[in-house]
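Derivation of every value follows stated rules applied to the coordinates shown; laboratory data play no part. Just so you know, these numbers come straight off a predicted model, no measurement behind them. Heads up, the Cβs are rebuilt from the backbone with ideal geometry, glycines too, and the neighbour counts pull from every protein chain shown.
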Amino acid sequence: MILENVTRSSRGPAAVLTGLSLMAATITTSTITATAATAAAATPAAAESGRDVRLPGTGVTLHERSGDRAWVSAFSVDRKNGSYARSGSRFVRKPGYWEFTVAPKGHRALGVPTNYVKGHDSVDIVNLASGKKVSITTVKAPFIAEYGLWSRDGRAVLLTVKKKVKKKWVPTGFVTVDVEAGRAHGVDLANLDKDTVFQWAPDGSVIADKGDDVVFYDTDGNQTSTFGGVGWTVGGEDAFSPSGKRLATWCPEKVSADICLWDAGSGDKVRQIYFAAEQVWGWWDDTHLIAVRKNGGRFQSVLIDFRGKVTRVLADISATAWKKDRVYLSYTRR
């Protein structure tokens, strides 16, 4: 069964629980299958340091340098079979996946298939060296589990669970996947924001936006703490800095700045940044964020410092790639 009308979006900020619970018994039972990855056509891309890299299938050119702390390991465009992953000097198309995200250090990847398998949604953990994959059941239809994010140690995956209600997909909880054990664990939560996307915190707990608050949960869904009035977390693979000391959000309305940085321990504001970003794709290092800005009739992925100054252009993005294809670049730390 094809999951029709499901949009795997760009994980940027958003412009009730339905009373339908997750099937917990089916979530915690995993089906594991090792198979060779399906061969896919590959388009060469110059991956050498100091080279421009044009991404296949979309109007995006990366500007890479030797010594970069992160690189684009995968990307997606908002159309059928629009997932690509990097393999050496190539970007390989990954048909049949809504999402394809490479783990930290780049040794394996997470694929979220387009189709249900025997009435269940699932994820594929793909060994990028051998091409073999392990399939793990997540939720039972009609639920889906999407927006897959890797933990910092690469041993677990977090996904947001949704169900379609009156033509709209609404969040109902989250699933964590123990990659080593091949098991998924689902949590059903009430009173979620309609645009909730669950993310990892550096200590392995889970966070979610609720209004202007960031709520912290343990992996069993117990609320542990709240940062009140901090705004909506930024997009990308991780809203927390590489050191884990800072959390980046879109500033709440009461703050005149665009991006706010908060102490990850106390929730106190430590910095505010004035920069008109279309989206923020997470952190580059502890002193720079990856932001998307408009540049004339086109767009760019850029590094900005805490003063809102652009220190480098990471990618040029065509208007079509941004507005129509809704391209998303997935940056993985080396």
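For this structure, a couple of remarks:
- A simple spin-label model places pseudo-atoms 7 Å from Cα toward Cβ; at N191 and D258 they are separated by 3.4 nm.
- Whether region 73-117 is rounded, prolate or oblate, judged on the alpha carbon gyration tensor where a/c under 1.5 counts as rounded: oblate
- On full extension, the segment bounded by K118 and S66 gains 14.2 nm, given 0.36 nm per residue less the C-alpha separation.
- Exposure proxy shown here: for H120, H288, the number of other Cβ atoms within 10 Å sets the order, fewest to most, as H288, H120.
- Footprinting exposure proxy for S76, S87, S256 (fewest neighbouring C-beta atoms within 10 Å first): S256, S87, S76
- Rounded, prolate or oblate (a/c below 1.5 giving rounded, otherwise prolate when a/b exceeds b/c) for region 144-246 by Cα gyration tensor: oblate
- Checking the Cα-Cα distances for K162/K254; K294/K324; K140/K163; K210/K324; K210/K294 against a 19 Å cut-off, the pairs over it are K162/K254; K210/K324; K210/K294.
- Using a cutoff of 8 angstrom between alpha carbon atoms and counting only pairs six or more residues apart, the relative contact order for region 233-306 works out to 25 percent.
- Förster radius 30 Å - calculated FRET efficiency between A129 and S205 (Cβ-Cβ, nearest 0.05): 0.45
- Ranked for footprinting exposure by Cβ neighbours inside 10 Å, fewest first, Y116, Y97 give Y116, Y97.
- In terms of its C-alpha gyration tensor, region 276-334 has an oblate overall shape, because the principal axis ratio a/c (a ≥ b ≥ c, square roots of the eigenvalues) is not below 1.5 and a/b does not outweigh b/c.
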